[in-house]
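Working notes for the structure below.
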Amino acid sequence: MKITIAVLVLFFMSSLPAHAACSKSEICAMLGKMNHFSILDKCPSAGPLLAECKKVKETTLEDLPPAEFIDNGNGTVTDTVNKLVWMKKGEHDKEGKLNKVKLKIAKKLAAASSAAGRSDWRIPSLSEFKTLFFPKRILNAGGKKAWINPIFDDGLGHYYWTSTTCD
């Protein structure tokens, strides 16, 4: 009888998840601060939950109203509908070529920019960026064909960053 009870106790104990002390929200929060191995040290059976934390949620993007642009004459363009100010040209290097940089560098460049005497530059959200698209490829302000509204001079830029992430 004692052996049966001991076996049942062991059976029920082994069926309890080892990460019971670590909830999915706790594990997902740890994922932003710790590496996988550190999390598994703290919560040994958290592997399946780590995968759950990485799953992408489908969300719909907010559609902003169609933009109406005016050239401010100082290297910026204002969207009067959505109350956004845009740089007319992208960041260029010393040879005049458009800078192609990683997102982290792009964010730093935007934050450090003092274009048009402003200090509040940032990378746009995807919803904001979508307002720049033009329905057909057309000559822009710099004389190059692009899919961006022709008031801008994107210098044949085909690489753009947004602050919108997939999580």
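FYI, it's all coordinate maths here, none of it is from the lab. Every value quoted in this text rests on a predicted model; they were computed, and no experiment measured them. Here Cβ is always computed from backbone atoms with ideal geometry, including for glycine, and neighbour counts include all displayed protein chains.
Points 7 angstrom from Cα along the Cβ direction at D71 and L40: gap in nanometres?
5.9 nm
So what's the projected area for segment 69-148, the Cα convex hull averaged over all directions, in nm²?
The directionally averaged projection comes out at 6.0 nm².
On a 20 Å Cα-Cα criterion, which of the cross-link pairs K97/K145; K102/K136; K97/K130; K94/K130; K24/K54; K88/K145 come out too long?
K102/K136; K97/K130; K94/K130
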